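Trainee: Here it is, the structure in full.
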Amino acid sequence: MREITLGQYYPADSVLHRLDPRTKLAGTLVFLISLFIAKGFPGYAVATVFLAAVIIMSKVPLSFIVRGLKAIVILLLISVSFNIFLTDGTPIFTLGPLKATREGLNLALFMGVRLIYLVIGSSILTLTTTPNQLTDGLEKSLGFLKKIGVPVHEIAMMMSIALRFIPILTEETDKIMKAQMARGADFESGGIIKKAKAMIPLLVPLFISAFRRAGDLAMAMEARCYHGGEGRTKLRPLHYERRDVIAYIILAVYFVLMIIMK
Amino acid sequence: MCLHLCLCTLHESLTIMIEAKNLTHVYNEGTAMESHAFEDVSFRIGRGEFIGVIGHTGSGKSTLIQHLNGLLKPTGGTVYYDGEDIFKKGYDLRKLRSKVGMVFQYPEYQLFEETVLRDVMFGPMNMGAAEEEAKEAAKRALTLAGVGEEFWEHSPFELSGGQKRRVAIAGVLSMDPEVLVLDEPAAGLDPAGREDILNTVAALGKKKNITILLVSHSMDDVAQYADRIMVLSKGKLVFFDTPEEVFSHVEELEEIGLSAPQITYLMRDLAAAGLPVDVNANTVEEARETILKALGKK
Ligand SMILES: Nc1ncnc2c1ncn2[C@@H]1O[C@H](COP(=O)(O)OP(=O)(O)OP(=O)(O)O)[C@@H](O)[C@H]1O
Ligand SMILES: [Mg+2]
């Protein structure tokens, strides 16, 4: 359970941590788009350099970033093998009825790299930005949607609560798991059915506690007169600093470079 | 200094049940969230002893006790149970967990079954007992823990906090453990409930010669029940000795954010005021004795 890095903040003192969340959101978006623009090797080379620089600047240990990839290993394997075997072109070798092609291999390679970069790119955002900053940034960036009736504040609030609860619930899961293991529960061995059954002593208390927490939170928010986003001010309003301007310039340069490289 | 104290105060006649050697635990080793829960802790606990574990919030008590049944793996050192290294390859940890019963902080949140009886049967069933056998064990445990028969077929979620706590304790007792580790079993209960639970536990220990480790924030409780007291501070074992010995170090205890039992302070004040009382009395009973004696009423 502790392996979930997606959506988890890694505290460190780096330029990336200090950037305005809006800058980081924009940066992530630009990076993701650039990955889809890039077709050939040069584009990916630039993206790799950019990503490496960002990782180094973030001061988050590489092992921590890579851990987020565990979640997509299966997806990665499936998409890569589909690409290798299901693309038409010059065959390299055959595996029974399956035929691997050079074009497929090429495609699979880029596909895999793109998928990995996508995940790393977005985990860097969440690793260097606290959930609160992240939703503040989202709320502000998407504020224009309010005009067409999208409840931006409410959505942002729900997101921040959901994100805030991930570590609490993982901790809770850990605790309940240990308590049941102390009573001899076995969460590891056995087939699928046995494993699913073994989850009951974990899930029932977990759900009960999640509902209890949700109830408590709602009560606490109401007790402090929370009434939605209308007229609500911020304790720490977001301000762009000089470093944000520089970051935007670097981003623009990167993006132009990627377009040229394509 | 401490290691010295710990080893020499263990009663010669007791067989050693649990031994910790240079136990160290670091959470999230190698990341920015790295936190040293405790370092280089060694001690021995004999069969049938009642051990009190005290320490300031965050001193590593909960982390330490979770090593005793192998729920947490140490980052250094090891634990011996009955002379066997529990972290060596192939050691049957599940069996160990039936022998070293552990009641966590706020154990009522782990209840999950439809009825109280079924919930208490969970442990024995996991240990491979047959349905009937488990039922018998559960009934015995519920009686021991003081849960009345009228509640056995209730849903555990309909009970009060204190009753849930008892059911949770019964859930561990039903496995017939040789060692019972309780992490603040009385936290959040009313005074009567507190005393009731602690008395039940202490009586159990005596009756079945169970070794008990009680983590508590109440100096008065540990003074009253414990044979020896383990004092943790910032991840170090600073004292492990009899209540008299530990509570004679009032100043050191206060320095690490703890205190002595209220009775100890009273005795000290009385002695300072000239009444010839025994300043090592730290339970109400002992205090009563020595005050009466000092007043010449006995
Ligand atoms: N799951 C965890 N991950 C990281 N650090 C932890 C974890 N659990 C505890 N710690 C840290 O280890 C240290 C010891 O915690 P522990 O829970 O053992 O203290 P405690 O003595 O039981 O405190 P309390 O009296 O409040 O229950 C604390 O500094 C805590 O922050
Ligand atoms: Mg604790």
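Trainee: Mind checking which pairs have a first residue in segment B:53-69 that is farther than 19 Å from B:PRO243 by Cβ and assigned by TED's automatic domain parsing to the domain that holds B:MET17 and a second that is at pLDDT below 95 and of a type in the set (Gly, Ala, Ser), Cβ under 6 Å, 6 or more apart or different chains?
Mentor: These pairs meet every condition: B:GLY60/B:ALA37; B:GLY60/B:GLY235; B:THR63/B:ALA37.
Trainee: Still on this structure, I have one more. List every residue pair whose Cβ atoms lie under 7 Å apart, where the two residues are 6 or more positions apart in sequence or sit on different chains, the first residue falls within segment B:75-103 and is facing chain A (nearest Cβ under 9 Å), and the second residue, located anywhere, is among the charged types (D, E, K, R).
Mentor: B:ARG94/A:ASP186; B:VAL103/B:ASP183
Trainee: Looking at A:TYR248, A:TYR226, can you tell me which residue is closer than 30 Å to A:ARG18 by Cβ and either outside any loop (DSSP other than H, G, I, E, B) or outside the structural domain of A:ALA156 (by TED's automatic domain parsing) (or both)? Walk me through it before giving the result.
Mentor: Working: A:TYR226 fails: either outside any loop (DSSP other than H, G, I, E, B) or outside the structural domain of A:ALA156 (by TED's automatic domain parsing) (or both).
Among A:TYR248, A:TYR226, only A:TYR248 is closer than 30 Å to A:ARG18 by Cβ and either outside any loop (DSSP other than H, G, I, E, B) or outside the structural domain of A:ALA156 (by TED's automatic domain parsing) (or both).
Trainee: Given the criteria more than 18 Å from B:SER98 (Cβ to Cβ), within 14 Å of chain A (Cβ to nearest Cβ) and outside any helix (DSSP H, G or I), does B:GLU114 qualify? Before the answer, list the steps.
Mentor: Details: more than 18 Å from B:SER98 (Cβ to Cβ): yes; within 14 Å of chain A (Cβ to nearest Cβ): yes; outside any helix (DSSP H, G or I): yes.
Here the answer is yes, as B:GLU114 does meet what is asked.
Trainee: While we're looking at this one, here's another question. Taking B:LYS206, is it away from ligand 2 (no atom under 16 Å from the Cβ) and more than 14 Å from chain A (Cβ to nearest Cβ)? Before you say what the answer is, go through the steps one by one.
Mentor: Numbers: away from ligand 2 (no atom under 16 Å from the Cβ): yes; more than 14 Å from chain A (Cβ to nearest Cβ): yes.
In short, yes.
Trainee: Looking at B:VAL53 and the list (1) within 16 Å of ligand 1 (Cβ to nearest atom); (2) β-branched (Val, Ile, Thr); (3) at pLDDT below 95, which single condition is not satisfied?
Mentor: Among (1) within 16 Å of ligand 1 (Cβ to nearest atom); (2) β-branched (Val, Ile, Thr); (3) at pLDDT below 95, the lone unmet condition for B:VAL53 is (3).
The rows are residues; the columns are (1) assigned by TED's automatic domain parsing to the domain that holds B:ILE210; (2) more than 26 Å from B:TYR225 (Cβ to Cβ); (3) surrounded by 24 or more Cβ atoms within 10 Å (Cβ to Cβ).
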site: B:VAL100; (1), (2), (3): yes, no, yes
site: B:TYR106; (1), (2), (3): yes, no, no
site: B:GLU113; (1), (2), (3): yes, yes, no
site: B:LYS135; (1), (2), (3): yes, yes, no
site: B:LEU144; (1), (2), (3): yes, no, no
site: B:TRP152; (1), (2), (3): yes, yes, no
site: B:ALA170; (1), (2), (3): yes, no, yes
site: B:LEU173; (1), (2), (3): yes, no, yes
site: B:LEU189; (1), (2), (3): yes, no, no
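Trainee: Identify, please: which residue in segment A:164-194 is more than 21 Å from B:GLN105 (Cβ to Cβ) and surrounded by 14 or more Cβ atoms within 10 Å (Cβ to Cβ) and is, among those, farthest from the other protein chains (Cβ to nearest Cβ)?
Mentor: So, considering only residues that are more than 21 Å from B:GLN105 (Cβ to Cβ) and surrounded by 14 or more Cβ atoms within 10 Å (Cβ to Cβ), the one farthest from the other protein chains (Cβ to nearest Cβ) is A:ARG164.
Trainee: Any idea how many residues of segment B:13-54 are under 30 Å from A:ARG67 (Cα atoms) and of a type in the set (Ser, Thr, Tyr)?
Mentor: 4
Trainee: Suppose we keep only residues that are in a strand (DSSP E or B) and within 16 Å of ligand 1 (Cβ to nearest atom) within segment B:17-29. Which one would you say is surrounded by the fewest Cβ atoms within 10 Å (Cβ to Cβ)?
Mentor: First pass over segment B:17-29, keeping only residues in a strand (DSSP E or B): B:17-27.
Filter again for within 16 Å of ligand 1 (Cβ to nearest atom), leaving B:20, B:23-27.
Values: B:ALA20: 20, B:LEU23: 23, B:THR24: 16, B:HIS25: 23, B:VAL26: 17, B:TYR27: 13.
Going through the qualifying residues, I end up with B:TYR27.
Trainee: Assess whether A:TYR248 counts as being over 26 Å from A:LYS146 (Cα atoms), surrounded by 11 or more Cβ atoms within 10 Å (Cβ to Cβ), in contact (Cβ under 8 Å) with a residue 40 or more places away in the chain and of a type in the set (Phe, Trp, Tyr). Don't jump to the end; show me each part of the working.
Mentor: On the way: over 26 Å from A:LYS146 (Cα atoms): no; surrounded by 11 or more Cβ atoms within 10 Å (Cβ to Cβ): yes; in contact (Cβ under 8 Å) with a residue 40 or more places away in the chain: yes; of a type in the set (Phe, Trp, Tyr): yes.
Spelling it out, it is not the case that A:TYR248 is over 26 Å from A:LYS146 (Cα atoms), surrounded by 11 or more Cβ atoms within 10 Å (Cβ to Cβ), in contact (Cβ under 8 Å) with a residue 40 or more places away in the chain and of a type in the set (Phe, Trp, Tyr).
Trainee: Let me ask something else about it. Looking at B:CYS8, is it at pLDDT below 90, away from chain A (no Cβ under 11 Å) and surrounded by 14 or more Cβ atoms within 10 Å (Cβ to Cβ)?
Mentor: On the way: at pLDDT below 90: yes; away from chain A (no Cβ under 11 Å): yes; surrounded by 14 or more Cβ atoms within 10 Å (Cβ to Cβ): no.
Considered against the rule, which asks whether it is at pLDDT below 90, away from chain A (no Cβ under 11 Å) and surrounded by 14 or more Cβ atoms within 10 Å (Cβ to Cβ), B:CYS8 comes out as no.
Trainee: Being buried (at least 17 other Cβ atoms within 10 Å of the Cβ), within 7 Å of ligand 1 (Cβ to nearest atom) and among the hydroxyl-bearing types (Ser, Thr, Tyr) is the filter here; which residues of segment B:56-83 pass it?
Mentor: B:SER59, B:SER62, B:THR63, listed by residue number.
Trainee: Return only the number of the condition from (1) out of contact with any Pro (no Cβ under 9 Å at 6 or more places or on another chain); (2) closer than 27 Å to B:VAL53 by Cα; (3) buried (at least 19 other Cβ atoms within 10 Å of the Cβ) that B:VAL277 does not satisfy.
Mentor: Every listed condition holds for B:VAL277 apart from (2).
Trainee: Test A:ILE208 against the stated conditions and say whether it is more than 14 Å from chain B (Cβ to nearest Cβ), among the β-branched types (Val, Ile, Thr) and surrounded by fewer than 17 Cβ atoms within 10 Å (Cβ to Cβ). Spell out how you get there, then give the answer.
Mentor: Details: more than 14 Å from chain B (Cβ to nearest Cβ): no; among the β-branched types (Val, Ile, Thr): yes; surrounded by fewer than 17 Cβ atoms within 10 Å (Cβ to Cβ): yes.
Considered against the rule, which asks whether it is more than 14 Å from chain B (Cβ to nearest Cβ), among the β-branched types (Val, Ile, Thr) and surrounded by fewer than 17 Cβ atoms within 10 Å (Cβ to Cβ), A:ILE208 comes out as no.
Trainee: If a residue has to be in contact (Cβ under 8 Å) with a residue 40 or more places away in the chain and either within 14 Å of chain A (Cβ to nearest Cβ) or within 17 Å of the chain's Cα centre (by Cα) (or both) to count, how many in segment B:26-40 make the cut?
Mentor: Qualifying residue count, segment B:26-40: 1.
Trainee: Out of B:GLY46, B:GLY60, B:GLY52, which single residue is small (Gly, Ala, Ser), within 16 Å of ligand 2 (Cβ to nearest atom) and in contact with a His (Cβ under 9 Å, 6 or more places away or on another chain)? Before you say what the answer is, go through the steps one by one.
Mentor: On the way: B:GLY46 fails: within 16 Å of ligand 2 (Cβ to nearest atom); B:GLY52 fails: in contact with a His (Cβ under 9 Å, 6 or more places away or on another chain).
The match here is B:GLY60.
Trainee: In this structure, does B:GLN66 turn out to be out of contact with any strand residue (DSSP E or B) (no Cβ under 6 Å at 6 or more places or on another chain), more than 21 Å from A:LYS197 (Cα to Cα) and within 16 Å of ligand 2 (Cβ to nearest atom)?
Mentor: Working: out of contact with any strand residue (DSSP E or B) (no Cβ under 6 Å at 6 or more places or on another chain): yes; more than 21 Å from A:LYS197 (Cα to Cα): yes; within 16 Å of ligand 2 (Cβ to nearest atom): yes.
Criteria met by B:GLN66.
Trainee: Continuing with this model, one more query. Across segment B:179-192, which residue is farthest from ligand 2 (Cβ to nearest atom) among those that are more than 14 Å from every other protein chain (Cβ to nearest Cβ) and on the phi < 0 side of the Ramachandran plot?
Mentor: Checked segment B:179-192; the qualifying residue farthest from ligand 2 (Cβ to nearest atom) is B:ALA192.
Trainee: So, B:ILE212, is that one touching a strand residue (DSSP E or B) at 6+ places or on another chain (Cβ under 9 Å) and more than 24 Å from B:LYS164 (Cβ to Cβ) or not? So that I can check it myself, show each step before the final result.
Mentor: Numbers: touching a strand residue (DSSP E or B) at 6+ places or on another chain (Cβ under 9 Å): yes; more than 24 Å from B:LYS164 (Cβ to Cβ): no.
No, not satisfied.
Trainee: A follow-up question, please. Return the residues of segment B:30-49 that are more than 9 Å from ligand 1 (Cβ to nearest atom), crowded, with 16+ Cβ neighbours inside 10 Å and within 28 Å of A:LEU62 (Cα to Cα); say none if nothing qualifies.
Mentor: Result: B:GLU39, single match.
The values are calculated or read from the model by the stated rules, or taken from the named source; none is laboratory data. Keep in mind it's a predicted model, so treat the numbers as computed, not measured. Ideal geometry is used to build each Cβ from the backbone, glycine not excepted, and the neighbour counts take in all protein chains shown.
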